[in-house]
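Asks: The structure is given below, and queries will be raised subsequently.
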Amino acid sequence: MLLVMSSLLHSRTSWTPIYRAVLAVKYRKADSRVVSTGRIGWISSSQDSSKKKLSKQLKDDAEAVIIGGGVLGTSIAYHLAKAGMKDVILLEKSELTAGSTWHSVGVTSHYNPVVNMKPLTHYSMSLYKQLGQETGQDVGFHMCGSIRICTTPERLEEAKYQMQRHGWMKAPQRLITTEEVARLHPLLYVDDVLGALYFPEDGYIDPYSLTQALAKGARMYGAEIYMPAPVTGLNFRSDGRWDVKTPHGTIRAKHVVNAAGFWGREIGRMVGIELSLGVVHHQFLVTGPIPEVASLKKELPFMRDLEGSTYTRQEKQGILFGPYESADKMKMEEGWWDCVPEGFGKELFESDVDNISDYIINSMKRTPVLANAEITSTVSGPITYAPDAIPLLGPDAKVPNMWLALGTGYGIGLAGGIGKYLSDWMIDGEPPFDLIECEPGRYGNWASREYVLAKCRETYGLNNQIMHPKLERWAGRPVRTNGIYKRLCERGAQMGQRAGWEQPNWFAHSGDEPGFKPSFRRTNWFEPVGRECDLVLSKVGIIDLTPYGKFEVKGRDAADFLDRVFANELPKVGCSNINHMLTPKGKVYAEMTVTCLASDRYLLVTRSNTEFHDLRWLLANQRKNNYDIVITNITDDVACLGIAGPRSRDVLSKMTSSNLSDERFPYLAYHNLELEGIPVQASRFSLTGELGWELFHMKEHTADLYEALLAAGEEHGIGDFGTYALNSLRLEKGFRLWGFELLQFSSQMNTSTTAVEADLMSFVKLDKGVEFIGREALLKLKRDDCERVLCFMTVDTTDVDPEGNETVWNGKKVVGFTSSGSYSYQLNKSICFAYLPPPLTDLGSRVEVEMLGSRYPGVVVKYPLFDAEPFA
């Protein structure tokens, strides 16, 4: 058989050119011309679309203009129109499906390693099942199921890891045996298969038919689609609307949605946005009829061979198969960073079969009938990737009423959910649930061309990488560092990346095994993190907190504005407090530390990954009511070091003449200090829950301040600690975090986490005398009416700890999920927050937490486990 494969691979006559072949029928109007590489030259589409006339008059006004007629754009138009928005317009520069949609493999799968995105795929497939009947346009949906085969023990453990994170979702998924794999896919070689993840409701769909059905539905509900209608300019008007310019006229619109695929960067530049997107080549091959396939009585499931990094699915009586090449073999269209070649629409790149020959061999080994099959078509087309292959989804952080739906990488399976998600957000004024992973602003000005392209290459190349917890990827780093980055590395810092920043996860000392050692169980960092926790609990530690998002709000209306957007009372001058921004429905949109610097000046501090998420909400509410304030993002200019532990006051007292006693510097106070002559703004707060301060200072002083702290703390045993230790310590003190305990999440796309569900009402002042955002909704909410509420548990485990998103069982029934977890080095036991039905949150209630195929006993306990400062 290997000889046959070798002959097939090396006999060029066995491979037909990249004409339309099989795809000609499937995609109907697909252009058959070939683009060689995009670097050397290309064959343009027949006629410049800007010179073609429209078949109908362009409307002057619109509520929303969607740019891009691929599957995402048509889905958004369909959902907006169906939801009742008037005057929805979609503009397509050439014809529907042009770009990446038309040549897609069309896979629809419930699998997604990003747990919060699973509702998007689940909704998509629910929509696709009934869309044909609704619109009268068949979508070619094949619900044949899918299998992800595991051929190594570690891969099987990954499957169990994914099971524990999926069990509380709605979509069916299960772990199956080798024998079940063979029954589902009788053409596979399974001698080395240990098991597989099986998704019975997965499958594939015809991208062309799906897009046409969504477009037909959009028109049916009142939307207008114009093509060819390329957008040539965008202008934000003084009345808050947009001028959308085309060769056929200008449309005034309230909202603009950039769903332009790999043209998205060009649309972004029209409004001054540099979007972090790259274009990768993806190749697949299609065979002619195969007798063994033709004789099957049931369609084969979609199959991923993870170690071989290939996939297959049935295509009529043949097989479609392709690879995800490694980073050193895959190809990118780097020249498209500046612009897409004029005229490119439904063209393809020249195929390079030799480049994927190893993967073809892998496919033939896994599916032996491919060895004698005739290859009738090869396809190599462009796909748009964000650096992490997670979409840029939602409103832009800075540009008003500019929405993004770009860089999906796997757009077909997500399209329905993305259309629904954006539609709900645009109409309701708040997201149906929060997808912080998809935040469009997560790549700021620091994301250079080199970084973005390096990350896209790495991400595509690691498509089938085992998804370990705490996964670190190293391409393009470092990009965002502070003044002590090299010094921390010298002291053993094992870095993680947060919003581009390098921040220590933990520190390796002499005798420790450094580096990221991937595992689903406790690994090389476990003992060092325990050492760091003990350091903070018994002595004093320093942590780099520079990645925090930091904003200054000042002006005549500063207090009125913040009183409106925050649910807690505002602190007095020289004080801080924990505050939450809520949505009109009472959902927890953000958690921030608010400090009053003066009666008209405030400092807001948030987590690193919510910097632009929170800034956008502030700016949007400022514009909405025209508050006389200035909001400044000072994240890049102001650094922060944290010091915590029972000896932290002793260390700082050596560095300043200021009085740091409880009486003069109480908990949550904020004072200007000089530490060894270095000006700092000190806040008496530490997320560790121990005595501590956060020391804000200008970034140019970080190195001097760090060395001064080390020198002053030497006699007190000062040392470094990282974010892993911080997480364990904050959990022991019962501190909740936005994005974990305080996340607008829904597994059903119709409910979300409110302040009541998150046990936050002690931070909400319903009687503060201000009609703050979300107050009206909270007045109607009661704890007993909640489906699930937050509680705290201890878990009896072995060598694995909860981290969040684990399924929680009560007997044979799934009852909830964990939101975050860790190992408690003080309690010598695993701990976690979880959302459970109210009756199961009574102290002493017993449940089970699923981890790596086993269920571990958990018990609901009172939190915090240990009192936080100043109550300790």
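Asks: Can you say whether H701 is assigned to a strand (DSSP E or B), open to solvent by 50 Å² or more (accessible area, probe 1.4 Å), in contact with a Gly (Cβ under 9 Å, 6 or more places away or on another chain) and modelled with pLDDT of 95 or more, as far as the supplied structure shows?
Replies: no
Asks: If you go through the stretch 89-105 one residue at a time, do you hit one that is modelled with pLDDT of 50 or more, within 26 Å of A371 (Cβ to Cβ) and among the hydrophobic types (A, V, I, L, M, F, W, C)? Walk me through how you get there before you give the answer.
Replies: Within the stretch 89-105, the first condition is being modelled with pLDDT of 50 or more, and the residues that meet it are 89-105.
With the extra rule that they be within 26 Å of A371 (Cβ to Cβ), the set shrinks to 103, 105.
So of that shortlist, the ones also among the hydrophobic types (A, V, I, L, M, F, W, C) come out as 105.
Checked against the condition, which is being modelled with pLDDT of 50 or more, within 26 Å of A371 (Cβ to Cβ) and among the hydrophobic types (A, V, I, L, M, F, W, C), the stretch 89-105 yields at least one hit.
Asks: Could you check, for the stretch 303-316, whether at least one of its residues is over 28 Å from E439 (Cβ atoms), of a type in the set (A, V, I, L, M, F, W, C) and in contact (Cβ under 8 Å) with a residue 60 or more places away in the chain?
Replies: Looking through the stretch 303-316, at least one residue is over 28 Å from E439 (Cβ atoms), of a type in the set (A, V, I, L, M, F, W, C) and in contact (Cβ under 8 Å) with a residue 60 or more places away in the chain.
Asks: Would you check if T656 is part of a strand (DSSP E or B) and out of contact with any helix residue (DSSP H, G or I) (no Cβ under 6 Å at 6 or more places or on another chain)?
Replies: No.
Asks: Would you tally the residues in the stretch 222-251 being surrounded by fewer than 17 Cβ atoms within 10 Å (Cβ to Cβ) and either closer than 29 Å to H103 by Cβ or not aromatic (F, W, Y) (or both)? Step through it out loud before you land on a result.
Replies: Residues of the stretch 222-251 that are surrounded by fewer than 17 Cβ atoms within 10 Å (Cβ to Cβ), as a first pass: 222, 232-233, 235-240, 243, 245, 249-250.
Add one more test, that the residue is either closer than 29 Å to H103 by Cβ or not aromatic (F, W, Y) (or both), and what stays is 222, 232-233, 235, 237-240, 243, 245, 249-250.
The total comes to 12.
Asks: So if I check each of R664, R623, which one is part of a loop (DSSP other than H, G, I, E, B), more than 17 Å from L705 (Cβ to Cβ), of a type in the set (D, E, K, R) and not assigned by the TED database to the domain that holds N401? It would help to see each step written out before you state the result.
Replies: Numbers: R623 fails: part of a loop (DSSP other than H, G, I, E, B).
After ruling out the rest, the residue left standing is R664.
Asks: Follow-up. If a residue must be open to solvent by 10 Å² or more (accessible area, probe 1.4 Å), free of Cβ contacts under 8 Å to residues at least 24 places away in the same chain and either on the phi < 0 side of the Ramachandran plot or in a strand (DSSP E or B) (or both), how many such residues does the stretch 504-536 contain?
Replies: 11
Asks: Looking only at helices (runs of 4 or more DSSP H) that lie completely in the stretch 63-168, which have at least 1 residues being outside the structural domain of W242 (by the TED database) and open to solvent by 10 Å² or more (accessible area, probe 1.4 Å)?
Replies: The qualifying helices (runs of 4 or more DSSP H) are 118-135, 153-166.
Asks: Across the stretch 449-464, what is the total count of residues that are of a type in the set (A, V, I, L, M, F, W, C) and outside any helix (DSSP H, G or I)?
Replies: 1
Asks: Mind counting the residues in the stretch 324-333 that are assigned to a loop (DSSP other than H, G, I, E, B) and either free of Cβ contacts under 8 Å to residues at least 12 places away in the same chain or not charged (D, E, K, R) (or both)?
Replies: 4
Asks: A further question follows. Strands (runs of 3 or more DSSP E) wholly in the stretch 216-255 with at least 2 residues that are within 12 Å of E92 (Cα to Cα) - which ones?
Replies: On the way: elements: 224-226, 233-236, 242-246.
Strands (runs of 3 or more DSSP E) meeting the threshold: 224-226.
Asks: A follow-up question, please. So which residues in the stretch 839-872 are of a type in the set (D, E, K, R) and not in a strand (DSSP E or B), if there are any at all?
Replies: Matches in the stretch 839-872: D842, K862, D867, E869.
Asks: Further question: Looking at the stretch 795-835, which of the residues that are within 14 Å of L731 (Cβ to Cβ) and of a type in the set (G, A, S) is surrounded by the most Cβ atoms within 10 Å (Cβ to Cβ)?
Replies: The extreme case among them is A834.
Asks: Hey, A182 hits all of (1) surrounded by 19 or more Cβ atoms within 10 Å (Cβ to Cβ); (2) small (G, A, S); (3) free of Cβ contacts under 8 Å to residues at least 24 places away in the same chain but one; which does it fall short on?
Replies: In the conditions (1) surrounded by 19 or more Cβ atoms within 10 Å (Cβ to Cβ); (2) small (G, A, S); (3) free of Cβ contacts under 8 Å to residues at least 24 places away in the same chain, A182 misses (1) alone.
Asks: Restricting attention to the stretch 564-611, which residues are out of contact with any Ser or Thr (no Cβ under 7 Å at 6 or more places or on another chain), in a helix (DSSP H, G or I), under 16 Å from Y548 (Cα atoms) and open to solvent by less than 30 Å² (accessible area, probe 1.4 Å)?
Replies: Matches in the stretch 564-611: S608, T610.
Asks: Do any strands (runs of 3 or more DSSP E) entirely within the stretch 334-448 hold 1 or more residues that are open to solvent by 10 Å² or more (accessible area, probe 1.4 Å) and among the hydroxyl-bearing types (S, T, Y), and if so, which?
Replies: Answer list for the stretch 334-448: 375-385.
Asks: Go through the stretch 256-272 and report how many residues are buried (at least 19 other Cβ atoms within 10 Å of the Cβ), at negative phi and not in a strand (DSSP E or B).
Replies: 8
Asks: Could you run through the stretch 794-827 and say how many residues are of a type outside the set (G, A, S) and more than 27 Å from the chain's Cα centre (by Cα)?
Replies: Qualifying residue count, the stretch 794-827: 12.
Asks: Restricting to the stretch 770-823, count the residues that are closer than 22 Å to W738 by Cβ and assigned to a strand (DSSP E or B).
Replies: The number of residues fulfilling the criteria is 13.
Asks: Kindly establish whether S276 is surrounded by 23 or more Cβ atoms within 10 Å (Cβ to Cβ) and either hydroxyl-bearing (S, T, Y) or under 28 Å from L404 (Cβ atoms) (or both).
Replies: yes
Asks: In the set R473, R442, which member is within 30 Å of K517 (Cα to Cα) and touching a His at 6+ places or on another chain (Cβ under 9 Å)?
Replies: R442
Asks: Need pairs with beta-carbon distance below 8 Å; first residue open to solvent by less than 40 Å² (accessible area, probe 1.4 Å) and within the stretch 478-503, second of a type in the set (S, T, N, Q) and in a loop (DSSP other than H, G, I, E, B); sequence gap 6+ or separate chains.
Replies: What qualifies is N482/T546; W501/T481; W501/N482; W501/T546; E502/T481; Q503/T546.
Asks: Specify the residue that is surrounded by the most Cβ atoms within 10 Å (Cβ to Cβ); the eligible residues are those in the stretch 842-867 that are over 16 Å from G821 (Cβ atoms) and free of Cβ contacts under 8 Å to residues at least 60 places away in the same chain.
Replies: S845
The values are calculated or read from the model by the stated rules, or taken from the named source; none is laboratory data. Just so we're clear, the structure is a prediction, and the values are computed from it rather than from any experiment. Note that we place each Cβ from the backbone using ideal geometry, even for glycine, and neighbour counts take in every protein chain shown. Calculation scope for accessible area: heavy atoms of the full protein, side chains included, ligands and nucleic acids excluded. Shrake-Rupley method; radii C 1.70, N 1.55, O 1.52, S 1.80 Å.
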